[in-house]
Amino acid sequence: MPIRYAKVTFEGKTYYKNTDEKGRLKLDKGEKISKISATGFEDFFPENNQKEYTLTAKKSIESKGDLPKNKIKTTIGKLYKKTDLYRGATDAVSTQVQYLPYKNDYPETAFIRSISFLSFFSTKAKKQPIILRLYKNDNGQPGELYGTTDFVVECKPGKSINKVDLSKSNIILPKEGLFIGLEWINIPATVLKYDYIKNIDGSSSKSKQSILNLGVAYESTDEDNNFWILSSDGWKKSKPLSKLSKINFEIIISD
């Protein structure tokens, strides 16, 4: 079966690319694959570029707990439509995560029911995918993936609220908390290319650039929100975009 949106990294390159919905990827000249990774599969390190690769599925080891009761609901965060918009450029293809702590007033066994966020992109484009991922807390920074499932979100054009329903996944918020994040998908359909940009005075200047069409909403906070970005050198704690910015998530948990 094809593995859609698998992440492909290259020797000597700081960016990554993703396979499309049919598991395909077109390489540019000089790109030598160093690693292929996808949630639920073992990382693959090819010795040479070839036309087809087969990844090995991981054994499913999910956390087990009480069956959901769904009697007590708690909402963490709130979606704010008036938020700063960040649009990623070619060098900003990344995974961005922030810490979700467990608090004593949450249910003893707290199931994550849904995660919502705001997205923005050109109304001329079709739906654009982004991946929601959960990571374990490893001494205050993102660790291994939490669970073996990818949650691919198909964002609608314009401004839209994206609600990811996790009610059937039985995902428990651990006592040590976890990291929730978004991974941008780098495929031709998600990239905008243009040759000219408009200046403030109304004139145009030639500037060949590429940007990721999809942007998400951020909000400012006065608290240290433990916000991290995954780069080619591993996880790095991010400098704030404004004050201490964080992705505008709304999370619902219940017993």
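Read the figures in this text as sums done on the coordinates, not as results from a lab. It should be emphasised that the depicted structure is a prediction, and the values quoted were computed from it without experimental measurement. Positions of Cβ are backbone-derived with ideal geometry, glycine not excepted, and every protein chain shown enters the neighbour counts.
Summary of values
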read-out: Pair E47, K78: separation of 7 Å Cα→Cβ label points (nm); value: 6.0 nm
read-out: Unsatisfied cross-links (Cα-Cα over 27 Å) in the set K59/K168; K35/K58; K124/K237; K124/K168; value: K124/K237; K124/K168
read-out: Candidate lysines - alpha carbon under 16 Å from K236, same-chain residues fewer than 8 apart omitted; value: K136, K246
read-out: Under 5 Å, built H, 5+ apart or other chain: amide partners of S231; value: K236
read-out: Gyration tensor (Cα) of the range 1-59, equivalent ellipsoid semi-axes in angstrom; value: 18, 13, 11
read-out: Burial ranking of peptide ranges 103-110, 50-57 (average Cβ count within 10 Å, highest at the top); value: 103-110, 50-57
read-out: Segment T221-T148, length gained on full extension (0.36 nm per residue, minus Cα span); value: 23.2 nm
read-out: Principal axis dimensions, largest first and in whole angstrom, of the range 96-183 by Cα; value: 45, 23, 22
